[in-house]
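Q: One structure follows; several queries about it will come next.
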Amino acid sequence: MEMVNRPYAKAFEDYAVQHPEVLCLSADLTSSCEIDGFRDRHPGQFLSLGMAEQNMLSFAGGLGLAGFRPFLHSFGVFLYRRPYDQLMASIAYPRRQVRLMGFLPGITTPGGMTHQAIEDISVMRTIPNMTVLEAGDATEVESIVAAADSVDGPVYCRILRGAVPRLFDTPLEIGRIRVLAEGTDVLIITAGITTEEAIRARAALNRAGVSVRHLHLNTLKPFDAATILGHAEAVKHGVITLENHLVTGGIGSMVGEALAEAGLPRRLIRLGLQDTYAHGGSRHYLMRYYGMDALSLVRAAERLTGQQTGIDEEALGAVRVEAVHSVVKAEAL
Amino acid sequence: MQNSRTTEDVAHGIRCRVFEHTMRNNGGYLSQACSAAEQLAFLYNEALNLGPSTMPLVPPPFGGVPSAGNHDYRTGAGYNGPFDMVHDRLFIAPAHYALVAYACLIEVGRMAPEGLEMFNQDGSSVEMIGAEHSPGMEVHNGTLGIGLSTGAGLAWGRKRKGETGEVCVYMSDGEVQEGQTWEAVQAAAHHGIDNLWALMDVNRQQCDGAMDSVMTVGDIATKFRNFGAVVAEVDAHDLTALREAKATPHAGQPLIILAHSSPTKGMDFLMRRFPRLHYVRFKSDEERCEMNIAIAAGLGIEPVDLGEH
């Protein structure tokens, strides 16, 4: 599996230099959000707003009113918790073309409670006029810049930084669910960093005779309930969602709402943070500790199918994760 | 726009109109008219470079909130004239001054008097707390403290685009209790946003009463200067002083005019209610009648015919 170093840095710079009405805003986390190079090379397109997120969000609303499309860079959690009122009144209500680039989603930061955006999807998806995107690999990080900027309204993006695996060979398209496997026993729905876990679990499950259908979401709002229902209908045993987020209000909730509204009787297991804060630690440790890893998915699949697979940590560790184009032609579906 | 009336006359008209409305509707933001009449009259009648209104004299009904499907959505900013390179833009940050702002729009000929009859009526855009679709409003400011930041962003953008029109934010002094106000000033100073100016109604009142009893804010002029603004302090009811303050040079910095006002100016009778002046309701019919006669006399007009109201 190819690892790409700082895919956002290059993607944003390549895009922004072609679009002078795009502005790069930072709240004192410039290198942490991989825009330090952009700041140094394009200072005229960069605005430092300091550690003052409330002002930054309203200020960005004013920039939007003036016809600019500001990209706001910070850790996801700092873009909505403190400045929620400003997000509502200055950005979301008036549909400003503000792009909120939220780094370190969920437990991808060792920073603990204050740094971990674990309810951002839940919050953002309830905001009228908001679009919510999540990047799951390097290709999606690269393509989320142009995709977000194509939206006529505000957009919140969960962005991955640093060394990011490349899983997909086609760009993120808003509203387009990636179908990664078309099995018939259980449906697994993932987004962001949990997709790699599911790819690992899927390979092991397939070997154990469990046929997995796997969807990767990059567009969380608007939520394509119809497509998901079609896939849920195609499996025998039920649906598992695994999200880097609280299970309340996020992808698990959205899938549950879709099933209930359609009256489609499928069991649903929601994996992710179970009504709890997380603490600081490595991503690998936290995903295991909070039941958000490949092994948790395997156990959930066993609960749905009633079948003991015998898959253990070692078996999962032996799974080689390949780029998706060599596993199944995702976008052909 | 050509001014057909003096600013003093407009200010008097604002007080009379808000008084009449408050009497008829058994309550209103009367004190804000007392403190703000000269300031809003000054802004609309002479300080701001505004083009003619682009909106109908009688405000259209509520046309829905902004959404992807609401293609006809418009803010109320058209009452302040067209958006173009040269004209100024105005945000009225304390959205509860809406009644006073609407009265001002009528006095300067941008809205028909019938507009005020729609105030706070269901289905009307002339809302009690000014929304961005309300006449004269361009953004939502009902949550106090966000106006100056938004103005700073707009001003930065306008400067960047080479527009000569300035951005003015009308503020209330209660907003200095919000941390965001200080974030906005420091950002405007840091980025040299000098096409931004604010006129602040310093009436030392807030919802719970006198500011000193709710949260002491200290010497706000010094605080604003320390945060990087140029500050001018004036008597809010002295138009000559307001004119001089507006002319204060502020290259590379935002200008904040602190307009020290009386929350009972022109309606001395209201002192009986001090310091609970945020929203004046009548405790009894007798009080309403007494206030009607006393304030009308002070304004030099006939008492309001309460009729069936």
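Q: Which residue, of A:Ile121, A:Ile159, is under 22 Å from A:Thr227 (Cα atoms), touching a residue at least 40 places away in the same chain (Cβ under 8 Å) and surrounded by 24 or more Cβ atoms within 10 Å (Cβ to Cβ)?
A: Just one listed residue meets the conditions, A:Ile121.
Q: Same structure again: Taking the options B:Ala77, B:Ala98, B:Ala112, name whichever one is in a helix (DSSP H, G or I), of a type in the set (A, V, I, L, M, F, W, C) and out of contact with any Gly (no Cβ under 7 Å at 6 or more places or on another chain).
A: Details: B:Ala98 fails: out of contact with any Gly (no Cβ under 7 Å at 6 or more places or on another chain); B:Ala112 fails: in a helix (DSSP H, G or I).
Matching residue, one of B:Ala77, B:Ala98, B:Ala112: B:Ala77.
Q: Testing A:Asn55 on (1) touching a residue at least 60 places away in the same chain (Cβ under 8 Å); (2) closer than 29 Å to A:Tyr93 by Cβ, one condition comes back false. Which one is that?
A: Result: A:Asn55 fails condition (1) only.
Q: Any idea which residue in the stretch B:165-187 is nearest to A:Ala92 (Cα to Cα), counting only those that are of a type outside the set (D, E, K, R), in a helix (DSSP H, G or I) and more than 8 Å from every other protein chain (Cβ to nearest Cβ)? Break it down stepwise before answering.
A: Filtering the stretch B:165-187 for residues of a type outside the set (D, E, K, R) gives B:165, B:167-172, B:174, B:176-177, B:179-182, B:184-187.
Now restrict to residues that are in a helix (DSSP H, G or I): B:174, B:176-177, B:179-182, B:184-187.
In the following step, the residues that additionally are more than 8 Å from every other protein chain (Cβ to nearest Cβ) were identified as B:174, B:176-177, B:181-182, B:185.
Numbers: B:Gly174: 25, B:Val176: 25, B:Gln177: 25, B:Thr181: 20, B:Trp182: 23, B:Val185: 23 Å.
Step by step, filter the stretch B:165-187, then rank; the result is B:Thr181.
Q: Next question, about the same structure. How about the stretch A:166-180: which of its residues are surrounded by 20 or more Cβ atoms within 10 Å (Cβ to Cβ) and in a strand (DSSP E or B)?
A: Within the stretch A:166-180, A:Arg178, A:Leu180 meet the criteria.
Q: Can you confirm whether A:Arg6 is of a type outside the set (Phe, Trp, Tyr), away from every other protein chain (no Cβ under 14 Å) and on the phi < 0 side of the Ramachandran plot?
A: On the way: of a type outside the set (Phe, Trp, Tyr): yes; away from every other protein chain (no Cβ under 14 Å): yes; on the phi < 0 side of the Ramachandran plot: no.
When the stated conditions are applied, A:Arg6 does not pass them.
Q: Looking only at residues that are surrounded by 17 or more Cβ atoms within 10 Å (Cβ to Cβ) and among the aliphatic types (A, V, I, L, M) in the stretch A:32-52, which one is farthest from A:Tyr93 (Cα to Cα)?
A: So the residue we want is A:Ile35.
Q: Of the residues in the stretch A:181-203, how many are surrounded by fewer than 24 Cβ atoms within 10 Å (Cβ to Cβ), closer than 25 Å to A:Met3 by Cα and either over 16 Å from the mean Cα position of the chain (by Cα) or of a type in the set (Ser, Thr, Tyr) (or both)?
A: Of the residues in the stretch A:181-203, 3 are surrounded by fewer than 24 Cβ atoms within 10 Å (Cβ to Cβ), closer than 25 Å to A:Met3 by Cα and either over 16 Å from the mean Cα position of the chain (by Cα) or of a type in the set (Ser, Thr, Tyr) (or both).
Q: I'd like the full set of residues that are assigned to a loop (DSSP other than H, G, I, E, B) and out of contact with any Phe, Trp or Tyr (no Cβ under 9 Å at 6 or more places or on another chain), limited to the stretch B:154-164. Explain how you work it out, then say what you get.
A: Kept after step one, since they are assigned to a loop (DSSP other than H, G, I, E, B), are these residues of the stretch B:154-164: B:161-164.
Across the stretch B:154-164, the qualifying residues are B:Gly162, B:Glu163, B:Thr164.
Q: While we're looking at this one, here's another question. Only one of B:Ser35, B:Ser53 is surrounded by 15 or more Cβ atoms within 10 Å (Cβ to Cβ), more than 14 Å from chain A (Cβ to nearest Cβ), in contact (Cβ under 8 Å) with a residue 24 or more places away in the chain and under 21 Å from A:Ala66 (Cα atoms). Can you tell me which? Don't jump to the end; show me each part of the working.
A: Working: B:Ser35 fails: under 21 Å from A:Ala66 (Cα atoms).
Residue meeting the stated conditions: B:Ser53.
Q: Only residues in the stretch B:59-84 that are away from chain A (no Cβ under 13 Å) count as the first member; pair them with residues that are part of a loop (DSSP other than H, G, I, E, B) and of a type in the set (Asp, Glu), Cβ under 7 angstrom, at least 6 apart or cross-chain, and list the lot.
A: Sorted first by the residue in the stretch B:59-84, then by its partner, the pairs are B:Gly63/B:Asp72.
Q: In addition: Answer with yes or no whether A:Thr227 is within 25 Å of A:Ser150 (Cβ to Cβ) and polar (S, T, N, Q).
A: Yes; evaluated as a whole, the condition is true for this residue.
Q: Checking A:Leu220 against (1) assigned to a loop (DSSP other than H, G, I, E, B); (2) under 14 Å from the mean Cα position of the chain (by Cα): exactly one of these is not met. Which one?
A: (1)
Residue-by-condition table, conditions (1) among the charged types (D, E, K, R); (2) surrounded by fewer than 20 Cβ atoms within 10 Å (Cβ to Cβ); (3) in contact with an Asp or Glu (Cβ under 7 Å, 6 or more places away or on another chain):
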| site | (1), (2), (3) |
| --- | --- |
| B:Arg74 | yes, yes, no |
| B:Gly78 | no, yes, no |
| B:Glu107 | yes, no, no |
| B:Ser134 | no, no, yes |
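Q: Taking the condition among the small types (Gly, Ala, Ser), under 20 Å from the mean Cα position of the chain (by Cα), in a helix (DSSP H, G or I) and crowded, with 16+ Cβ neighbours inside 10 Å, does A:Ala301 pass?
A: On the way: among the small types (Gly, Ala, Ser): yes; under 20 Å from the mean Cα position of the chain (by Cα): no; in a helix (DSSP H, G or I): yes; crowded, with 16+ Cβ neighbours inside 10 Å: yes.
Criteria not met by A:Ala301.
Q: If you go through the stretch B:221-251, how many residues are among the β-branched types (Val, Ile, Thr) and under 25 Å from B:His191 (Cα atoms)? Walk me through how you get there before you give the answer.
A: In the first step, residues of the stretch B:221-251 are kept if they are among the β-branched types (Val, Ile, Thr); the result is B:222, B:230-231, B:234, B:240, B:248.
If we keep only those that are under 25 Å from B:His191 (Cα atoms) too, we end up with B:222, B:230-231, B:248.
Residues that pass the stated criteria total 4.
Q: Would it be correct to say that A:Glu243 is under 16 Å from A:Ile107 (Cβ atoms) and at pLDDT 95 or above?
A: Values: under 16 Å from A:Ile107 (Cβ atoms): yes; at pLDDT 95 or above: yes.
Considered against the rule, which asks whether it is under 16 Å from A:Ile107 (Cβ atoms) and at pLDDT 95 or above, A:Glu243 comes out as yes.
Residues are listed down the side, and each one gets a yes or a no for (1) touching a strand residue (DSSP E or B) at 6+ places or on another chain (Cβ under 8 Å); (2) outside any helix (DSSP H, G or I):
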residue	(1), (2)
B:Cys34	no, no
B:Asn45	no, no
B:Pro82	no, yes
B:His87	no, yes
B:Leu90	yes, yes
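Q: If I filter the stretch B:188-213 down to residues being in contact with a strand residue (DSSP E or B) (Cβ under 9 Å, 6 or more places away or on another chain) and within 14 Å of another protein chain (Cβ to nearest Cβ), which single residue comes out as farthest from B:Leu90 (Cα to Cα)?
A: B:His190
Q: For residues in the stretch A:254-298 being among the polar types (S, T, N, Q) and assigned to a loop (DSSP other than H, G, I, E, B), which is nearest to A:Asp312 (Cα to Cα)? Reasoning before the result, please.
A: Taking the stretch A:254-298 and keeping what is among the polar types (S, T, N, Q), we get A:274, A:276, A:282, A:296.
Going one step further and asking which of them are assigned to a loop (DSSP other than H, G, I, E, B), we end up with A:274, A:276, A:282.
Details: A:Gln274: 23, A:Thr276: 26, A:Ser282: 21 Å.
Step by step, filter the stretch A:254-298, then rank; the result is A:Ser282.
Q: How many residues, within the stretch B:215-230, are free of Cβ contacts under 8 Å to residues at least 12 places away in the same chain, in a helix (DSSP H, G or I) and either surrounded by 15 or more Cβ atoms within 10 Å (Cβ to Cβ) or of a type in the set (Val, Ile, Thr) (or both)? Steps first, please.
A: Step one: of the stretch B:215-230, the residues free of Cβ contacts under 8 Å to residues at least 12 places away in the same chain are B:216, B:218-219, B:222, B:225-226.
Imposing the further condition that a residue be in a helix (DSSP H, G or I) reduces the set to B:222, B:225-226.
Then drop every residue that is not either surrounded by 15 or more Cβ atoms within 10 Å (Cβ to Cβ) or of a type in the set (Val, Ile, Thr) (or both), which leaves B:222, B:225.
Qualifying residue count for the region: 2.
Q: In the stretch A:211-228, which residues are under 18 Å from A:Asp293 (Cα atoms) and touching a Ser or Thr at 6+ places or on another chain (Cβ under 8 Å)? Let's see the steps before the verdict.
A: Going through the stretch A:211-228, the residues under 18 Å from A:Asp293 (Cα atoms) turn out to be A:212-217.
The answer is A:Arg213, A:His214, A:Leu215, A:His216, A:Leu217.
Q: Go over the candidates B:Leu116, B:Leu144 one by one and state the one that is aliphatic (A, V, I, L, M) and either within 13 Å of the chain's Cα centre (by Cα) or over 29 Å from B:Arg5 (Cβ atoms) (or both). First the steps, then the outcome.
A: Values: B:Leu116 fails: either within 13 Å of the chain's Cα centre (by Cα) or over 29 Å from B:Arg5 (Cβ atoms) (or both).
Exactly one residue qualifies, and that residue is B:Leu144.
Q: Can you tell me which residues in the stretch B:268-309 are part of a loop (DSSP other than H, G, I, E, B), closer than 20 Å to B:Val100 by Cα and modelled with pLDDT under 90?
A: B:Phe274, B:Pro275, B:Arg276, B:Leu277, B:His278, B:Tyr279, B:Phe282
Q: Let me ask another. Would you call A:Ala135 over 25 Å from B:Arg160 (Cα atoms) and either crowded, with 24+ Cβ neighbours inside 10 Å or assigned by TED's automatic domain parsing to the domain that holds A:Ala198 (or both)?
A: Values: over 25 Å from B:Arg160 (Cα atoms): yes; either crowded, with 24+ Cβ neighbours inside 10 Å or assigned by TED's automatic domain parsing to the domain that holds A:Ala198 (or both): yes.
Answer is yes for this residue.
Q: Something else now. Quick test for you: out of B:Asn120, B:Asn141, pick the one residue that is closer than 19 Å to A:Pro94 by Cα and either surrounded by fewer than 23 Cβ atoms within 10 Å (Cβ to Cβ) or modelled with pLDDT under 95 (or both).
A: Working: B:Asn120 fails: closer than 19 Å to A:Pro94 by Cα.
None of the other options fit; the residue is B:Asn141.
The values are calculated or read from the model by the stated rules, or taken from the named source; none is laboratory data. This is a predicted model, so every value here is computed, not measured. When we count neighbours, we look across all protein chains shown, and the Cβ atoms used for this are built from the backbone with ideal geometry, even at glycine.
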